[in-house]
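The values are calculated or read from the model by the stated rules, or taken from the named source; none is laboratory data. Quick caveat: nothing in here was measured; it's all calculated off a predicted structure. Note that each Cβ is placed from the backbone with ideal geometry, even for glycine, and that neighbours are counted across all protein chains shown. What goes into the accessible areas is simple: the full protein's heavy atoms, side chains included, and nothing from ligands, DNA or RNA. Shrake-Rupley method; radii C 1.70, N 1.55, O 1.52, S 1.80 Å.
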Amino acid sequence: MATEELISLQSLEGRLLFAVPKKGRLLQASLNLLEGADIQFKRENRLDIALVKNLPIALVFLPAADIPTFVGEGRVDLGITGFDQVQEHDAGVRELTRARRLSNEWSPDPQAKPQGCETVMELGFGACRLQVQVPAKGEYAEGKDLIGKNIGTSFVHLAKEYFARLELEKEGVTNGDALNLAGRKLRTKIIELSGSVEAACALGVADGIVDLVESGETMKAAGLKAIDTVVDSSAILIKSKAPSNPAMVELIAARIGGVITAQKYVLCQYNIARTRLPDATKITPGKRAPTVTSLEEEGWVAVSAMVEKKRIATVMDELTQVGATDILVLDIHNTRTI
């Protein structure tokens, strides 16, 4: 604790704060992304702050669910979390805002820093769905069948808005805005659970649950089935609306974007007769345009182009058919692209 306090007080000044999930399904992929972006750090055992060696950045390891709050309030500048967590945070803000307005406690401060977070980019990992789930052999077939029932979830605010919308639809109202949904008094009882949500139905705590589903194996093992999707989610990079160092935010976003692009593409190089070049470049148009270089042998050119990894085998087959030779495929470790 003393070491962490020392880091917090003496070493964070002037550093951009970057929140990273401290555990769970997003942690390892986030660390791999930071490594690819050449963000060099060593995390001391049991410390939740790590100073980056080669950039004026401090990594702050937080629960993924808390990261939208820290970023949204401007406590940290950047964060990696799930889109589901951002949506849950935003739903909570809507509920609080409505409650304050109704109690006349809300008065905007024109001098206050902008609140909230902005999505910088999708990161391409951590795909999952926040779904409404019920016993597989039970009587419930649609979300509206659970109106008035007990629902277990750790996503309390999103669950409230989901069932508020269903209850309004049942009453014939189809245009309720998000702010009114957040404050509506529900007939459905939302029970907050912090873990093992999938066991709630079997233990008689809930009639249905709202929980994340990745492969679906845990859901099936618990004897559950999905009947609706509340949010499709994956990992995203978010930033504060008032970052302490906008230039550094842009630098880190460019590095991470480069890593993501590199993961999706390979560099394809080949030789081809200039007369067949139009056919070949239709197959490999590149991100913007292919690079074409004349060879010593008259009438021949060398071509380089970025190709999506998932298409490369088909592309190589098609290039061979139009007369390309010496086809090479090279990995891309990083890139910068617009």
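Please pick out the residue among Val249, Val259, Val307 that is among the aliphatic types (A, V, I, L, M), over 22 Å from Val120 (Cα atoms) and surrounded by 13 or more Cβ atoms within 10 Å (Cβ to Cβ).
On the way: Val249 fails: over 22 Å from Val120 (Cα atoms); Val259 fails: over 22 Å from Val120 (Cα atoms).
Exactly one of Val249, Val259, Val307 is among the aliphatic types (A, V, I, L, M), over 22 Å from Val120 (Cα atoms) and surrounded by 13 or more Cβ atoms within 10 Å (Cβ to Cβ), namely Val307.
Which one is modelled with the highest pLDDT among residues in region 216-241 that are open to solvent by less than 30 Å² (accessible area, probe 1.4 Å) and part of a loop (DSSP other than H, G, I, E, B)? Only one residue tops the list, namely Ser234.
A Cβ distance below 7 Å, combined with a sequence gap of six or more or placement on separate chains, defines the contacts here; from region 88-103, residues that are among the acidic types (Asp, Glu) and modelled with pLDDT of 85 or more reach residues that are open to solvent by less than 60 Å² (accessible area, probe 1.4 Å) and not in a helix (DSSP H, G or I) in the pairs Glu88/Phe155. Taking residues in region 258-272 that are without any contact (Cβ under 8 Å) to a residue 60 or more places away in the chain and over 14 Å from Leu330 (Cβ atoms), and partners anywhere that are among the charged types (D, E, K, R) and in a strand (DSSP E or B), the pairs with Cβ atoms closer than 8 Å and at least 6 places apart or on different chains are Asn271/Asp326. Restricting attention to region 310-338, the residues being more than 25 Å from Leu33 (Cβ to Cβ), open to solvent by less than 40 Å² (accessible area, probe 1.4 Å) and assigned to a helix (DSSP H, G or I) number 2.
Of all residues in region 251-282, which are outside any strand (DSSP E or B), hydroxyl-bearing (Ser, Thr, Tyr) and at pLDDT 95 or above? Step through it out loud before you land on a result.
So in region 251-282, the residues outside any strand (DSSP E or B) come out as 251-264, 274-282.
In the following step, the residues that additionally are hydroxyl-bearing (Ser, Thr, Tyr) were identified as 261, 275, 281.
Within region 251-282, Thr275, Thr281 qualify.
Residues checked against (1) under 21 Å from the mean Cα position of the chain (by Cα); (2) closer than 30 Å to Val230 by Cβ:
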residue	(1), (2)
Asn45	no, no
Val52	no, no
Pro56	no, no
Ala65	yes, yes
Phe70	yes, yes
Gln87	yes, yes
Glu95	no, yes
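Could you list all residues from region 230-269 that are over 17 Å from the mean Cα position of the chain (by Cα) and not aliphatic (A, V, I, L, M)? Selection gives Lys241, Pro243, Ser244, Asn245, Pro246, Glu250, Tyr265, Cys268, Gln269.
Residues in region 40-53 that are open to solvent by 10 Å² or more (accessible area, probe 1.4 Å) and touching a strand residue (DSSP E or B) at 6+ places or on another chain (Cβ under 9 Å): Gln40, Phe41, Lys42, Arg43, Glu44, Leu47, Asp48, Ile49, Leu51, Lys53. Taking each residue of region 136-149 that is on the phi > 0 side of the Ramachandran plot and looking for partners that are buried (at least 16 other Cβ atoms within 10 Å of the Cβ) with beta-carbon atoms closer than 8 Å, six or more apart or interchain, yields Gly148/Thr188.
Only one of these is open to solvent by less than 60 Å² (accessible area, probe 1.4 Å) and either at pLDDT 85 or above or not basic (Lys, Arg) (or both): Asn175, Asn150, Asn180. Name it. Steps first, answer last, please.
On the way: Asn175 fails: open to solvent by less than 60 Å² (accessible area, probe 1.4 Å); Asn180 fails: open to solvent by less than 60 Å² (accessible area, probe 1.4 Å).
From the options Asn175, Asn150, Asn180, the qualifying one is Asn150.
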